[in-house]
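The structure appears below as structure tokens.
The values are calculated or read from the model by the stated rules, or taken from the named source; none is laboratory data. Just so we're clear, the structure is a prediction, and the values are computed from it rather than from any experiment. Neighbour counts are summed over all protein chains in view; Cβ atoms, including those assigned to glycine, are modelled from backbone coordinates with ideal geometry.
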Amino acid sequence: LCFPCCTHSPYSQAFLTPSSSRVFVVRRDQDIYIHTLRKLFNESHGIFMGLQRSEEELAGKSRKAQLVQVSKNYRSVIRACMEDMHQAAALKLGPAFLQVSILSAMELIWNLCEILFVEAATAGPLLLRLLDWVRLHVCDVDSMVRQVLSSESPSKHKLFWNVVDVFVLQGRMDEARHLLSKEASANPASMNMYKILDDLMKKMPVPSLGNTQTLTELELKWQHWHEECQRYLQDGTFASNPHMESICKILLGDEDAILEKKELMTTWYHFLVTRLLYSHPTVKPMELRFYAQSSMDLFLGGESSPEPLDMILMAAFEFEMHQVIKECSIVLSNWWFVAHLTDLLDHCKLLQSHNLYFGSNMREFLLLEYASGLFSHHSLWQLGVDYFDHCPQFGRVYLELHIERVPLSTEQKALKVLRICEQRQMHEQVRSICKIMAMKALRNNRLGSALSWSIRAKDAAFATLISDRFLKDYCEKGCFSDLDLIDNLGPSMLLSDRLTFLGKYREFHRLYGEKRFAEAARLLLTLMTAHIAPCSFWMTLLTDALPLLEQKEVIFSAEQTYELMRCLEDLTAGNPDKQKFQDDDVETTKVEMLRLALARNLARVIVKEGTVEGS
């Protein structure tokens, strides 16, 4: 069994044994079976369905805002799963450590795509969004801050300047100024330097989300501020304090000074955002690719080659959406990410240029793969149904193929599958499911359930077979099982002659039990003369007539009695096993009793009818 690129593809993960003489075990969509990821699949399904339903409502200016909110909802689900994974990792449960890193990378990539593609942030707000992105994902400084602030003398703590530097590198000026104030309080000699640096950090122009100033005004203010920083640095204002001097160089966008803090930034994309903040705060979206590539080259410096995550982020900065999706499909361990991200981008009308993909548009192709994986799980398959429903080209075909493979382990599950098929008018699948369940019930001798399923399948042949079993059981036990079902067949009894007979024969017993003998007699005679009863059951019907023939009141008319006599003669004379029939003492006794009862009834009815005519 071979899968292309099976060691990397999210469609299948291969666990390869070191010996080539062993069989390779290939398992599709392994992440589907990780319990802690159930929240990701279940909750994102609701977001996906809400997005499909609201498509017609998304219009005008509100469209972008709603799509951004949908994107944030997806990210909140990823983050919630990460928290669950952190707890599992603390307890050392399963592959939690690996999954935490995968989910973290997924949120990092998704958030960047949200900024660049979904929100499509423009120059100015773009930098603010990237700063939020870095602060959220890249460097967690909170633990260092707690250590510094909890000490008796924060400014003397070994991590003090590291924390200040991180705040500056992330553009968190208020927090950096707050820490520097503690340094000034502890060292009065540095008060003058502190005030100047504090003033520079306070006056730093930053883009605004409220559009209160134009980009030209911002660039002009930033240029004046930059020149002021340059003047203080050249005057040697901070020469006596290397830490403050280093901060001033960072404010000037000195790449060497920023790269000296490489260990605090940890990633090239943190370096990119810091570099943009202090050298080009009004960067335009289309300029990102140039800064991103040069920042990666400077940060890595040829020491190491880019990781797959680096290549995905670089593709995003280059606005290569197709490449982002392709790389994520290869690197990530499941189809969830690419399927939902592509669907969102498609709703943003961003994928028209990448429409054809393996015979389908890219959105549908990825949703089909994701939903196919869901169908391999014993309960998540129900989510896959809705994803197939929203794949207009091939979704119906895929659903028909996969629904037939859902194991019908219980009757409740079968009813659930059946309801799905009936809602979508999948008639062949409905019949197939009903036949399977009917066979299972018949093998377990649950005749009522088997008959019910065969009626739903509209399978006349199978209904006839089960009706024969009911009649056979009646002959052996003298009573019917599943009376409620037989009593309420209604129009369903017309599915086959044998089922019609079963229903009418049960009606005969009901009429007899209610002492409605005349109606019961007419129905019994009709069953015999209409030839819908099996020949093997004729003797039973004639035997059922005996109590009616022996009633004090005459039930059968002369004409009806003659019909019964003819039926008896047809049975005894036309039976292929006539000799065997005659040699059977029990059957012979029954025939004699019937002939005697019929003769008596005929005599009684002739006398009665003759008396009536004479009077």
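Quick one: in region 446-475, which of the residues that are among the acidic types (Asp, Glu) and surrounded by fewer than 19 Cβ atoms within 10 Å (Cβ to Cβ) is nearest to Arg498 (Cα to Cα)? Reasoning before the result, please.
First, pick out the residues of region 446-475 that are among the acidic types (Asp, Glu): 459, 468, 473.
Then drop every residue that is not surrounded by fewer than 19 Cβ atoms within 10 Å (Cβ to Cβ), which leaves 468, 473.
On the way: Asp468: 7, Asp473: 15 Å.
Ranking the candidates gives Asp468 first.
Select from region 53-73 the residues that are assigned to a helix (DSSP H, G or I) and modelled with pLDDT under 90 and write down the one among them that is surrounded by the fewest Cβ atoms within 10 Å (Cβ to Cβ).
Our first condition is that a residue be assigned to a helix (DSSP H, G or I); within region 53-73, this holds for 53, 61-73.
Now drop any that are not modelled with pLDDT under 90, which leaves 53, 61-65.
Working: Arg53: 10, Lys61: 6, Ser62: 10, Arg63: 16, Lys64: 14, Ala65: 12.
Among those that are assigned to a helix (DSSP H, G or I) and modelled with pLDDT under 90, it is Lys61.
Filtering region 256-279 down to residues that are closer than 16 Å to Glu303 by Cα and β-branched (Val, Ile, Thr), which residue is nearest to the chain's Cα centre (by Cα)?
The qualifying residue nearest to the chain's Cα centre (by Cα) is Thr267.
If I go through region 353-379 residue by residue, how many of them are at pLDDT below 90 and farther than 28 Å from Thr410 by Cα?
Of the residues in region 353-379, the ones at pLDDT below 90 are 353-362, 376-379.
Subset that is farther than 28 Å from Thr410 by Cα: 353-362.
Looking only at that region, the number is 10.
Among the residues of region 485-496, write down those that are out of contact with any helix residue (DSSP H, G or I) (no Cβ under 7 Å at 6 or more places or on another chain) and within 17 Å of Asn445 (Cα to Cα). Walk me through it before giving the result.
Going residue by residue through region 485-496, those that are out of contact with any helix residue (DSSP H, G or I) (no Cβ under 7 Å at 6 or more places or on another chain) are 488, 490-491.
Scanning region 485-496 gives no hits.
So, Ala521, is that one part of a helix (DSSP H, G or I) and surrounded by fewer than 21 Cβ atoms within 10 Å (Cβ to Cβ) or not?
On the way: part of a helix (DSSP H, G or I): yes; surrounded by fewer than 21 Cβ atoms within 10 Å (Cβ to Cβ): no.
Here the answer is no, as Ala521 does not meet what is asked.
Could you list all residues from region 19-48 that are modelled with pLDDT under 70 and of a type in the set (Lys, Arg)?
Arg22, Arg27, Arg28
Taking region 403-414, which residues are within 15 Å of Ser432 (Cβ to Cβ), loosely packed, with under 15 Cβ neighbours inside 10 Å and not charged (D, E, K, R)?
Pro407, the sole residue that qualifies.
Does region 214-222 include one or more residues that are out of contact with any helix residue (DSSP H, G or I) (no Cβ under 9 Å at 6 or more places or on another chain), of a type in the set (Phe, Trp, Tyr) and buried (at least 17 other Cβ atoms within 10 Å of the Cβ)?
So far as region 214-222 goes, yes, one or more of its residues are out of contact with any helix residue (DSSP H, G or I) (no Cβ under 9 Å at 6 or more places or on another chain), of a type in the set (Phe, Trp, Tyr) and buried (at least 17 other Cβ atoms within 10 Å of the Cβ).
Scan region 425-442 and tell me whether some residue there is acidic (Asp, Glu), at pLDDT below 85 and not assigned by TED's automatic domain parsing to the domain that holds Ser557. Walk me through it before giving the result.
Here is the first cut: in region 425-442, the ones acidic (Asp, Glu) are 428.
Remaining after also requiring at pLDDT below 85: none.
No, that holds for no residue.
Where in region 111-215 are the helices (runs of 4 or more DSSP H), entirely inside, with at least 1 residues that are touching a Gly at 6+ places or on another chain (Cβ under 9 Å)? Walk me through it before giving the result.
Values: elements: 125-137, 142-149, 160-169, 173-186, 191-203.
The helices (runs of 4 or more DSSP H) meeting that bar are 125-137.
Identify all residues within region 124-156 that are outside the structural domain of Pro205 (by TED's automatic domain parsing) and touching a Pro at 6+ places or on another chain (Cβ under 7 Å); write none if there are none.
Answer for region 124-156, where residues must be outside the structural domain of Pro205 (by TED's automatic domain parsing) and touching a Pro at 6+ places or on another chain (Cβ under 7 Å): Gly124, Pro125, Leu126, Leu127, Leu128.
Hey, any hits in region 158-170 for a residue that's more than 29 Å from Thr266 (Cβ to Cβ), surrounded by 13 or more Cβ atoms within 10 Å (Cβ to Cβ), of a type in the set (A, V, I, L, M) and at pLDDT 90 or above?
Going residue by residue through region 158-170, those that are more than 29 Å from Thr266 (Cβ to Cβ) are none.
There is no residue in region 158-170 that is more than 29 Å from Thr266 (Cβ to Cβ), surrounded by 13 or more Cβ atoms within 10 Å (Cβ to Cβ), of a type in the set (A, V, I, L, M) and at pLDDT 90 or above.
Yes/no per residue for (1) under 19 Å from Asp544 (Cα atoms); (2) in the same structural domain as Asn444 (by TED's automatic domain parsing); (3) of a type in the set (Lys, Arg):
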residue	(1), (2), (3)
Ile466	no, yes, no
Lys472	yes, yes, yes
Phe501	yes, yes, no
His509	yes, yes, no
Ala520	yes, no, no
Leu524	yes, no, no
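Does region 302-323 hold any residues that are part of a loop (DSSP other than H, G, I, E, B) and in contact (Cβ under 8 Å) with a residue 40 or more places away in the chain, and which are they? Don't jump to the end; show me each part of the working.
Start the filter on region 302-323 by keeping residues that are part of a loop (DSSP other than H, G, I, E, B), which leaves 302-307, 318-320.
Within region 302-323, Phe319 is the sole residue that qualifies.
Of a type outside the set (D, E, K, R) and either touching a helix residue (DSSP H, G or I) at 6+ places or on another chain (Cβ under 7 Å) or surrounded by 12 or more Cβ atoms within 10 Å (Cβ to Cβ) (or both), is that true of Ser190?
On the way: of a type outside the set (D, E, K, R): yes; either touching a helix residue (DSSP H, G or I) at 6+ places or on another chain (Cβ under 7 Å) or surrounded by 12 or more Cβ atoms within 10 Å (Cβ to Cβ) (or both): yes.
Yes: the conditions hold for Ser190.
When you go through Leu313, Leu298, Leu350 one by one, which is the residue that is at negative phi and modelled with pLDDT of 95 or more? Talk me through it step by step, then tell me what you get.
Working: Leu298 fails: modelled with pLDDT of 95 or more; Leu350 fails: modelled with pLDDT of 95 or more.
When all the criteria are applied, what remains is Leu313.
Criterion first (under 39 Å from the mean Cα position of the chain (by Cα) and of a type in the set (S, T, N, Q)) does Ser452 satisfy it? Show your work before the answer.
Working: under 39 Å from the mean Cα position of the chain (by Cα): yes; of a type in the set (S, T, N, Q): yes.
So Ser452 fits the description; yes.
Is it the case, given these coordinates, that Lys326 is modelled with pLDDT under 95, at positive phi and of a type in the set (D, E, K, R)?
On the way: modelled with pLDDT under 95: yes; at positive phi: no; of a type in the set (D, E, K, R): yes.
It is false that Lys326 is modelled with pLDDT under 95, at positive phi and of a type in the set (D, E, K, R).
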